[in-house]
Amino acid sequence: MNEFQDKVAIVTGATSGIGRAAAIAYAREGAKVVVAGRRATEGEETVRLLQAQGGEGIFVKTDVSKAVQVKELVERTLQKFEPDLHITVRGALPTRAARPRGPRRLDR
């Protein structure tokens, strides 16, 4: 059995680079992957790449600097793969605009 068989992973920044590589790797190991990022064309391409290797996944357009979009990301994940969410991966590096600002609650 694959290491992440029947697990669900959200990978942010999965439209390119290390985020894309992480999404494909999780899918290769059996995870159902939610590809999250700001660029739809690249996100859909990541989903095609992981599906080509036998993986299952969806793309959710998400800007992680916007709490309402992160909440929608989690809600869509749970709608598609309910009730399971096992892994979250941050594939995007912080930029000047998105540098850490301390903990925040999504329900504000």
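Odds and ends about this structure:
- Scope the range 44-66; condition under 11 Å from the mean Cα position of the chain (by Cα), closer than 23 Å to residue 2 by Cβ and of a type outside the set (A, V, I, L, M, F, W, C); matching residues: 46, 57
- Matching option when the condition is of a type in the set (D, E, K, R) and under 10 Å from the mean Cα position of the chain (by Cα), among 20, 39, 28: 20
- Screening the range 1-20 for residues that are without any contact (Cβ under 8 Å) to a residue 40 or more places away in the chain and out of contact with any strand residue (DSSP E or B) (no Cβ under 9 Å at 6 or more places or on another chain) and picking the one that is nearest to residue 78 (Cα to Cα) gives 5.
We did not get these values from a lab; they are worked out from the coordinates using the rules stated. Everything numeric in this text was worked out from a predicted model, so none of it was measured. FYI the Cβ positions are ideal-geometry reconstructions off the backbone, even for glycines, and counts take in every protein chain you see.
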